Amino acid sequence: EWENEELLQRTRSEIPFADLMPQVAAHQDHAILEEQKEILYQSDDLFLSNLCKWFQSIMTWVNNPPCVLCLCENTKLSHIRGPLTPDEIQGKANRVEVYFCPECNAETTLFPRYNSVSKLLSTKQGRCGEYANLFGLFCRASGFETRYILDFSDHVWVEVWSNRTQRWIMADGCEGVIDSPSMYEKGWGKESLSYILAFTPEQITDVTRRYTRKYNTPQFQERRKYAC
């Protein structure tokens with residue numbers, strides 16, 4: 001879906017390009033044609049940083065959704081089921097979380113974990129999976145070559161190709177941070193890293209070394225063997 005041109009055009013219409021690239025805003029007398037936007041902002045690191053921070057402002061993080069009947073915020077996860085409704089199926093929800101409301105004393109609330117970026121473009125809510133999926137779409141719509149990053153220890157984000165530095169740089173829409181690969185191991189204190197893979201339509205690449213300083217330690221290699 002990141003390569004669907006109709007969806008990319010729809011996504012571009014939501015991006016405040018001039019606000020995210022201040023030097024362009026000063027020359028608004030030179031109209032930016034829709035077909036020129038992708039070229040104009042392609043692989044600009046400053047724009048990527050601004051885009052990443054702005055993306056946080058349009059998304060809503062959901063740990064447990066409020067009750068749809070009484071708006072109680074103390075709902076508890078009851079169980080997880082597969083997609084059943086047409087909306088869940090069309091939105092590619094591989095699982096649907098069912099929440100129990102203590103005030104209503106019933107299972108009142110559903111939280112489908114949508115995988116369709118077209119659906120996420122409407123809902124703009126979720127957790128790291130939804131954030132990474134939708135932010136990847138925004139990066140592609142801005143002209144960046146983008147790949148999806150899966151960390152086996154339970155996190156996802158994207159990497160974007162920087163023309164300025166001629167390398168892939170991490171971009172985490174959850175945190176609003178770019179080019180800080182040590183954030184997970186050092187900043188978050190993650191001790192469970194083993195495999196980190198980058199996905200494009202053409203290939204899968206092991207990029208684990210970029211995100212750890214402990215790659216060659218016996219403990220790290222043992223975790224990789226266990227993950228296999």
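The values are calculated or read from the model by the stated rules, or taken from the named source; none is laboratory data. This structure is a prediction, so every number in the text was calculated from the model and none was measured. Cβ: placed from backbone, ideal geometry, glycine included. Neighbour counts: every protein chain shown. For accessibility, only protein heavy atoms count, side chains too; no ligands or nucleic acids. Shrake-Rupley method; radii C 1.70, N 1.55, O 1.52, S 1.80 Å.
Sorting 11, 200 by accessible area (1.4 Å probe), largest first, what list results?
200, 11
Filter the GluC sites (Glu not before Pro) in segment 92-124 down to the DSSP loop ones having no more than 14 other Cβ atoms within 10 Å, then list what survives.
When the GluC sites (Glu not before Pro) of segment 92-124 are filtered for loop state and at most 14 Cβ neighbours within 10 Å, 103 remain.
At q = 0.10 Å⁻¹, what is the log10 ratio I(q)/I(0) for the chain, with the Debye formula run over Cα points and no solvent?
Listed by q, the Debye log ratios stand at -0.54.
Pairs 124/190; 76/186; 92/124; 76/190; 119/186: which are spaced more than 23 Å apart, C-alpha to C-alpha?
From 124/190; 76/186; 92/124; 76/190; 119/186, over 23 Å: 124/190; 76/186; 76/190; 119/186.
GNM on the chain, C-alpha springs below 10 Å: top fluctuator among 112, 16, 86?
Comparing 112, 16, 86 in a Gaussian network model of the chain, the most mobile one is 86.
Less than 17 Å from a label point 7 Å out along the Cα-to-Cβ axis of residue 161: which backbone N atoms in segment 185-228 qualify, by residue?
Only 198-207 fall inside the zone, counting backbone N under 17 Å.
Per residue, how big is the convex hull around the C-alpha atoms of segment 59-102? Give it to me in cubic angstrom, could you?
Taking only Cα atoms, segment 59-102 has a hull volume of 95 Å³ per residue.
Go through 186, 214, 225, 92 and list them by solvent-accessible area, largest first, probe radius 1.4 Å.
186, 225, 92, 214
Give me the net charge of residue 88's neighbourhood, meaning all other residues with Cβ under 13 Å from the Cβ of residue 88; Lys, Arg count +1, Asp, Glu -1.
Neighbour charge sum, excluding residue 88 itself: +3.
Any idea how far apart residue 14 and residue 225 come out in nm if each label point goes 7 Å out from Cα toward Cβ?
It is 4.6 nm.
In whole Hz, what ³J(HN,Hα) sequence does segment 159-172 give by Karplus (6.51, -1.76, 1.60; θ = phi - 60°), x for Gly and Pro?
Computed from phi, the couplings for segment 159-172 are 10, 10, 7, 9, 5, 5, 9, 6, 7, 7, 10, 6, 9, 10 Hz.
I want the local charge near residue 212. Using Cβ-Cβ distances under 14 Å, sum +1 for each Lys or Arg and -1 for each Asp or Glu among the other residues.
Net local charge, residue 212 excluded: +3.
Using the heavy atoms of the protein chains and a 1.4 angstrom probe, tell me the accessible area per residue for the chain in square angstrom.
Ligands and nucleic acids excluded, the figure is 53 Å² per residue.
On the principal axes of its Cα set, how long, how wide and how thick is segment 117-228? Give whole Å, largest value first.
Largest first, segment 117-228 extends 44, 32, 28 Å along its Cα principal axes.
Straight-line reach from residue 225: which aspartates and glutamates fall under 18 Å, measuring Cα to Cα and dropping same-chain residues less than 8 apart?
Here the aspartates and glutamates satisfying the reach criterion relative to residue 225 are 151, 154, 191, 206.
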